[in-house]
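The values are calculated or read from the model by the stated rules, or taken from the named source; none is laboratory data. Keep in mind that this is a model prediction, so the values were computed, not measured. Here Cβ is always computed from backbone atoms with ideal geometry, including for glycine, and neighbour counts include all displayed protein chains. Keep in mind that these areas ignore ligands, DNA and RNA; they rest on the heavy atoms of the full protein, side chains included. Shrake-Rupley method; radii C 1.70, N 1.55, O 1.52, S 1.80 Å.
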Protein chains: 2
Amino acid sequence: MGGDYAPEVPITGALQALAEINKAHRIQLVGRTVVIEQTLASLLAGELSAAASLRNRIDIIEAPDVIEMTDKPAVGVRGKPNSSMVVGLKLQAEGKSDGFVSAGNTGAQMAASTFQLRLHQGLTRPAIATLFPTTLKPIVVLDSGANVDCSAEELVQFARLGAVYAEDVLGRSNPSVGLLSIGEEPEKGNAVVKEAHQLMLRAGINFQGNVEGRDIPAGGSDRGPIDVVICDGFVGNVLLKFYEAVAPMMMKMAGSALHLDKAAIEKTFSALDYSEHGGAPLLGVQGVSIICHGRSSARAIKNAIKKAVQAAESGMNAHIGKRLAESQEVEA
Amino acid sequence: MGGDYAPEVPITGALQALAEINKAHRIQLVGRTVVIEQTLASLLAGELSAAASLRNRIDIIEAPDVIEMTDKPAVGVRGKPNSSMVVGLKLQAEGKSDGFVSAGNTGAQMAASTFQLRLHQGLTRPAIATLFPTTLKPIVVLDSGANVDCSAEELVQFARLGAVYAEDVLGRSNPSVGLLSIGEEPEKGNAVVKEAHQLMLRAGINFQGNVEGRDIPAGGSDRGPIDVVICDGFVGNVLLKFYEAVAPMMMKMAGSALHLDKAAIEKTFSALDYSEHGGAPLLGVQGVSIICHGRSSARAIKNAIKKAVQAAESGMNAHIGKRLAESQEVEA
């Protein structure tokens, strides 16, 4: 029920995902049953042959309330226990589902995910992991908005979370981790980053040292490609929104100067298409919670669902728990 | 003598600037006299008619030492009092010049500028003000690298400095100032930004509230265009380097997908050409010190010199002093 185009676009994305994922998987649509039934009926009306088989893999879970995009996260989560957000996450906490995807209120999803699924032992905060397109492979940047002020220890936790995500969901082996700073030397950066650099050297990760802003679009530095970039959620969120805006700005420039049509522009810059990457997982919770942009297209929702499937099938959650437990043993 | 292409490129830029600025202005070339004489002679050899008049407006100031790009700033400044950096800035401190431009070691230029020119009363730190191209007019972003950890009070000082620069050098009347954060609401941001927001509301500037990463490429938010964006030097430097890398990355994508040649690409994205904007002033010192990229082209050096001329002619330095004094009276 969340996001700017609910329920049509999320349900369309769910139908597209069902057609592409393993036929053993089912999707639960959580929200107002009557609205979901009507939307499903109208979306499936035109395609009778495929409709029945897709519809058979959908469960509708009643949740009468909706957390609005403008609701304060904590207020929404506490005040609306029967919202689609809370009900959907509770299903996973109770073992009745393996992953949760939403384009709704991001703050509420973070709060409800942390409350319902709980953090892995040893963690103090969850982090949002976003994919940034580069000239090489996409880079995972975390935290991209869950935490504005982070300690050095929390940045190290994010590095461990991001490394498992890159391995399990993106298929990177022994993912290389960079710490975002303003120079490659260990003594460059603000106080927290300098401390985090020292901790990361002995954190049992494939730490490549500091990376700079320029290394993200490049996909790495002259020391090699980078899979994961660590920063606090203030810097990550500023960068993410900057990147989301600079790409359309340049496409506009290219389009007007070169008299290209929309299709040619989109094809040229297809690597920058955010809907390709679906959603961003909230890492650190004991489960799978994928955060989608409020303005997600059906294609973005579809890809977010496929990402949730991959996270669940790969056992990412258990791997994260194992990695964190190992790091605590080393420290103890 | 500083920068990656010294002395040819800076001297070429100086000659280009002399041809364009008011004929009453002279340029001092500070460095190893013999090297400068030779370079000048070879650059002017081909253009005898214009050569004499340009050469007459150049003074060569001997400075035997050079602070290398790899020197530690403080060590370089203290250990090399006869470097072109220190000698050049001392000329201005002694009233023998009105502005200083360098493509040399940035950290050394900051340290030597602060030591030789001194900060305006009431300031604790200088800030680097960089122009970011946008779909509207360029935005001044400061601090873009002088200070990694900033207090809320320092962010407010940067706002005052940036507003005078935008007015005097960029010709913006009553420049609008935004505070970089992760949401437009005053309660969004990290601890320092939230405190700075409250201080800026009563700082006597045209404060537009928080702006987000997306508002920089857009040139403003739905509340209107923005002239100045305030952030700490860690965030500003990460963004600057990110922007410098994302533009060439997209040009490369456009070039290879559309089979365009270099000239067509450059024309398409000419608004993103950093050499157009020359250098970035170190604001807060009692004088004019323009920091250029180490890899500056002659055109970038020329435009940095023109910017120094404009800063000197507009009386920017005195205006900054006046504005800071007024703000202290209000606070007292």
So, in the stretch A:171-184, how many residues would count as being over 26 Å from the mean Cα position of the chain (by Cα) and open to solvent by less than 70 Å² (accessible area, probe 1.4 Å)? 1
Just one listed residue, out of B:151, B:144, is within 14 Å of chain A (Cβ to nearest Cβ) and under 20 Å from the mean Cα position of the chain (by Cα), and it is B:144
As an exercise: evaluate residue A:94 against (1) under 19 Å from residue A:305 (Cα atoms); (2) without any contact (Cβ under 8 Å) to a residue 12 or more places away in the chain and give the number of the one condition it does not meet. (1)
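How many residues are in contact (Cβ under 8 Å) with a residue 40 or more places away in the chain and within 11 Å of another protein chain (Cβ to nearest Cβ) when one looks only at the stretch B:175-192?
Of all residues in the stretch B:175-192, those in contact (Cβ under 8 Å) with a residue 40 or more places away in the chain come to B:175-180, B:192.
Pick out the ones that are also within 11 Å of another protein chain (Cβ to nearest Cβ) and you get B:180, B:192.
Total meeting the criteria: 2.
Based on what the data block shows, is residue A:287 away from every other protein chain (no Cβ under 14 Å) and assigned to a loop (DSSP other than H, G, I, E, B)?
Values: away from every other protein chain (no Cβ under 14 Å): yes; assigned to a loop (DSSP other than H, G, I, E, B): yes.
Yes.
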Select from the stretch A:204-221 the residues that are open to solvent by 10 Å² or more (accessible area, probe 1.4 Å), at negative phi and either away from chain B (no Cβ under 13 Å) or touching a residue at least 24 places away in the same chain (Cβ under 8 Å) (or both) and list them in ascending order. A:205, A:206, A:207, A:208, A:212, A:215, A:218, A:221
Residue hits (the stretch A:87-107; in contact with a strand residue (DSSP E or B) (Cβ under 8 Å, 6 or more places away or on another chain) and part of a helix (DSSP H, G or I)) are A:87, A:88, A:89, A:91, A:92, A:106
Give me a count of the residues in the stretch B:52-68 that are over 17 Å from residue B:88 (Cα atoms) and open to solvent by 40 Å² or more (accessible area, probe 1.4 Å). 4
Can you tell me which residue in the stretch B:85-132 is farthest from residue B:246 (Cα to Cα), limited to those that are open to solvent by 50 Å² or more (accessible area, probe 1.4 Å) and polar (S, T, N, Q)? B:121
Quick test of your reading of the structure: residue A:295 fulfils all but one of (1) within 25 Å of residue A:90 (Cα to Cα); (2) within 14 Å of chain B (Cβ to nearest Cβ); (3) charged (D, E, K, R); (4) assigned to a helix (DSSP H, G or I). Name the failing condition by number. (4)
In the stretch B:76-84, is there at least one residue being at pLDDT 95 or above, closer than 15 Å to residue B:290 by Cα, open to solvent by less than 50 Å² (accessible area, probe 1.4 Å) and within 24 Å of the chain's Cα centre (by Cα)? yes
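Quick check on the stretch A:181-204: of everything there that is among the basic types (Lys, Arg) and assigned to a loop (DSSP other than H, G, I, E, B), which residue is nearest to residue A:158 (Cα to Cα)? I'd like the intermediate steps shown before the answer.
Pass one, the stretch A:181-204, residues among the basic types (Lys, Arg): A:188, A:194, A:202.
Those still in the list that are assigned to a loop (DSSP other than H, G, I, E, B) too: A:188, A:202.
Values: A:188: 20, A:202: 15 Å.
So the residue we want is A:202.
Yes/no per residue for (1) surrounded by fewer than 21 Cβ atoms within 10 Å (Cβ to Cβ); (2) within 30 Å of residue B:118 (Cβ to Cβ):
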| position | (1), (2) |
| --- | --- |
| B:226 | no, no |
| B:236 | no, yes |
| B:252 | yes, no |
| B:256 | yes, no |
| B:261 | yes, no |
| B:268 | no, no |
| B:291 | no, yes |
| B:294 | yes, yes |
Cβ-Cβ distance below 8 Å, separation of 6 or more or different chains: which pairs start in the stretch B:69-90 with a residue that is more than 17 Å from residue B:117 (Cα to Cα) and end on one that is surrounded by 21 or more Cβ atoms within 10 Å (Cβ to Cβ) and among the basic types (Lys, Arg)? B:71/B:80
Residue B:199 fails exactly one of the following numbered conditions: (1) within 12 Å of chain A (Cβ to nearest Cβ); (2) among the aliphatic types (A, V, I, L, M); (3) open to solvent by 20 Å² or more (accessible area, probe 1.4 Å). What is the number of that condition? (1)
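Suppose we keep only residues that are open to solvent by 50 Å² or more (accessible area, probe 1.4 Å) and touching a residue at least 60 places away in the same chain (Cβ under 8 Å) within the stretch B:2-24. Which one would you say is farthest from residue B:50 (Cα to Cα)?
Going through the stretch B:2-24, the residues open to solvent by 50 Å² or more (accessible area, probe 1.4 Å) turn out to be B:4-5, B:8, B:16, B:19-20, B:22-24.
From the residues that got through so far, the ones that are touching a residue at least 60 places away in the same chain (Cβ under 8 Å) too are B:4-5, B:16, B:20, B:22.
Numbers: B:4: 28, B:5: 24, B:16: 11, B:20: 12, B:22: 15 Å.
Ranking the candidates gives B:4 first.
Kindly provide the set of residues from the stretch A:257-284 that are of a type in the set (Ser, Thr, Tyr) and within 9 Å of another protein chain (Cβ to nearest Cβ), ordered by number. Give the steps one after another, and end with the answer.
Taking the stretch A:257-284 as the starting set, the residues that turn out to be of a type in the set (Ser, Thr, Tyr) are A:268, A:270, A:274-275.
Scanning the stretch A:257-284 gives A:268, A:270.
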Hey, any hits in the stretch B:133-155 for a residue that's touching a residue at least 60 places away in the same chain (Cβ under 8 Å), crowded, with 24+ Cβ neighbours inside 10 Å, touching a Leu at 6+ places or on another chain (Cβ under 9 Å) and more than 25 Å from residue B:295 (Cα to Cα)? yes
